[in-house]
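Asker: Dropping the structure in here first, questions after.
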Amino acid sequence: MAVQYRDLREFIELVEKLGDLRKVQGAALAFEIGAITEVAAGSESCPALLFTDIPGQPAGNRIFTNTTVSARRAALALGIDTNLPPLQALQEWKRKRVDLKPIAPEQTTNAPYLENSSTGDAVDLSLFPAPIWHKDDGGPYIGSGSVVMTRDPDTGWVNCSIYRVQVHSRDRVTVQFDHNGRHGAMISKKYWDRGQACPIAIINGQDPALFIAGFEYLPEGASELDFAGAIRGAPVEVCAGPVTGLPIPARAEIVLEGMLMPFAEESLPEGPFGEFTGYYAAEKRPAPVMHVTATHHRTNPILLGSPPLKPPRFHFGLPLRAAGIWSNLEAVGIADVVGAWQHVSQLMIVIALKQRYAGHAKRAGLVAAANSYMGRIVVLVDDDVDPSNLADVMWAVTTRAEPSEDVDIIRNAWSSSLDPRIPASHRSIGLTSNSKMIIDACIPFQHIETYPRTSALTLADALEIRRRWGHVLDQR
């Protein structure tokens, strides 16, 4: 199945055909749109939302949220069969990702984002929707799922990553890079070290392929535009920004161009902003300021909003980083891994495998723990357990794991300043490691042949039943 959209508007049409779209009229920018988004993301149907008739906004302005929060819509964005069960869909993405060939963007002069432009004193960011997503956020954020584009002054490499963007005035926003190791921060600093401001563009309402690419951990020098093209199977059409010359996706909805000022010369207090852990990680802190010198937008523009929400809600209904951990396990020679999944956003990892030898599961658990960003819990289960089904996983934990024998603790492991459990005194000096618990919920290897037989369906039997009877079970 190939990707069937060229831009956000065409993706929304596909979501509506799936029956997943709900339209919401008249919701307020201050907290209400964010609250509706969170409630919808936690509901059983988990619909995508298109907000219209937003009070205080020009007629025609819209906001689209919960874009890829469900497994079906994540599969749709990736060009994967939307009827596959979640674990099979993730496995298909893992296969597809290995075979992806970068496709360079294609220049075009037909750029819908240039349908409406303002420069200089005519720039007014209040003409675009910028919600206060969580009730204690420090202000309105136009950038919760937006791509920030910069160009390396030495190599010409263009980086496109997701960073949050807070609106402070009609022509001032801040960009929060989180830490100095992010590519956008590194590129900006190169300009600042030369006494220059950094040319920057903020892309709002980009297509889902670029949204996904912006979240990927691509290596320095790799192009998110190329990666988005690979997902789509066709080049992203770009048109040089009139102010920055950056290769801006031609079918983006709202574009801000300008200069990111040297941090030592100008900053504004940014935040706080609710994080994907369900907590605020920090109070207000200084962030670099962008002088917005030009805005461009399509007629009746759509903001793609993707605010972090309380787990288990996450930006993607398929845990794309779990696919990377699954690939890492295979790359180091751990055989017979049949599944990987992340629960509680990405804070708990489950690995399913067919045990071949004593210590097989523990070996997999150690590798998964080493690759678990911020996560505190790694669970190993047998191949008869669906790692994407938390109830199934807990069944294994409560019937196969003996706490006094099957739990290990790894100390001083990979975490982040976003981790709410890290003491503020440690966070302030850069000590952001945590511990990780590995729970071996596999049948003890020495008892595999004698362990009580399960009465449950095997995964293969369950998949066959769903194949034959899913049309009845999944009726809406």
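Asker: Identify all residues within segment 119-136 that are in contact (Cβ under 8 Å) with a residue 60 or more places away in the chain and of a type in the set (A, V, I, L, M, F, W, C); write none if there are none.
Answerer: Listed by number, the residues that qualify are Val123, Leu125, Leu127, Phe128, Ala130, Ile132, Trp133.
Asker: Anything in segment 312-331 that is touching a Lys or Arg at 6+ places or on another chain (Cβ under 8 Å) and polar (S, T, N, Q)? List them, or say none.
Answerer: Ser327
Asker: For segment 316-332, does any single residue satisfy the condition of being touching a Phe, Trp or Tyr at 6+ places or on another chain (Cβ under 7 Å) and assigned to a loop (DSSP other than H, G, I, E, B)?
Answerer: Looking through segment 316-332, at least one residue is touching a Phe, Trp or Tyr at 6+ places or on another chain (Cβ under 7 Å) and assigned to a loop (DSSP other than H, G, I, E, B).
Asker: Residues of segment 339-348 being out of contact with any Phe, Trp or Tyr (no Cβ under 8 Å at 6 or more places or on another chain) and in contact (Cβ under 8 Å) with a residue 60 or more places away in the chain, which ones?
Answerer: Trp341, Leu347
Asker: Got a number for residues in segment 314-360 being over 16 Å from the mean Cα position of the chain (by Cα), surrounded by 22 or more Cβ atoms within 10 Å (Cβ to Cβ) and under 19 Å from Ile231 (Cα atoms)?
Answerer: Of the residues in segment 314-360, 0 are over 16 Å from the mean Cα position of the chain (by Cα), surrounded by 22 or more Cβ atoms within 10 Å (Cβ to Cβ) and under 19 Å from Ile231 (Cα atoms).
Asker: Only one of Ala77, Ala89, Ala30, Ala40 is hydrophobic (A, V, I, L, M, F, W, C) and more than 18 Å from the chain's Cα centre (by Cα); which?
Answerer: Answer to the check: Ala30.
Asker: Further question: Which residues, taken from segment 207-228, are in a loop (DSSP other than H, G, I, E, B) and over 20 Å from Asn66 (Cα atoms)?
Answerer: Tyr217, Leu218, Pro219, Glu220, Gly221, Ala222, Ser223
Asker: May I ask you to list the residues in segment 429-476 that are free of Cβ contacts under 8 Å to residues at least 60 places away in the same chain, more than 33 Å from the chain's Cα centre (by Cα) and within 23 Å of Val407 (Cα to Cα)?
Answerer: Selection gives Pro444, His447, Glu449, Thr450, Tyr451, Pro452.
Asker: Sticking with this structure for a sec: Could you list, in sequence order, all residues of segment 267-287 that are within 19 Å of Ser306 (Cβ to Cβ), acidic (Asp, Glu) and at pLDDT below 95?
Answerer: Once the filter is applied, which keeps residues that are within 19 Å of Ser306 (Cβ to Cβ), acidic (Asp, Glu) and at pLDDT below 95, segment 267-287 yields only Glu275.
Asker: For segment 192-206, state whether one or more residues are closer than 27 Å to Gly274 by Cα, touching a Ser or Thr at 6+ places or on another chain (Cβ under 8 Å), modelled with pLDDT under 95 and not in a helix (DSSP H, G or I).
Answerer: No, every residue in segment 192-206 fails to be closer than 27 Å to Gly274 by Cα, touching a Ser or Thr at 6+ places or on another chain (Cβ under 8 Å), modelled with pLDDT under 95 and not in a helix (DSSP H, G or I).
Asker: Only one of these is in contact (Cβ under 8 Å) with a residue 40 or more places away in the chain, among the basic types (Lys, Arg) and surrounded by fewer than 16 Cβ atoms within 10 Å (Cβ to Cβ): Arg164, Arg172, Arg151, Arg194. Name it.
Answerer: The conditions single out Arg194.
Asker: Is one or more of the residues making up segment 121-139 part of a strand (DSSP E or B), closer than 16 Å to Glu270 by Cβ and within 18 Å of the chain's Cα centre (by Cα)?
Answerer: So the first thing to find is which residues in segment 121-139 are part of a strand (DSSP E or B), and the list is 132.
Going one step further and asking which of them are closer than 16 Å to Glu270 by Cβ, we end up with 132.
From the residues that got through so far, the ones that are within 18 Å of the chain's Cα centre (by Cα) too are none.
Taking every residue of segment 121-139 in turn, none turns out to be part of a strand (DSSP E or B), closer than 16 Å to Glu270 by Cβ and within 18 Å of the chain's Cα centre (by Cα).
The values are calculated or read from the model by the stated rules, or taken from the named source; none is laboratory data. What you see is a predicted model; the values in this text were computed from it and never measured. FYI the Cβ positions are ideal-geometry reconstructions off the backbone, even for glycines, and counts take in every protein chain you see.
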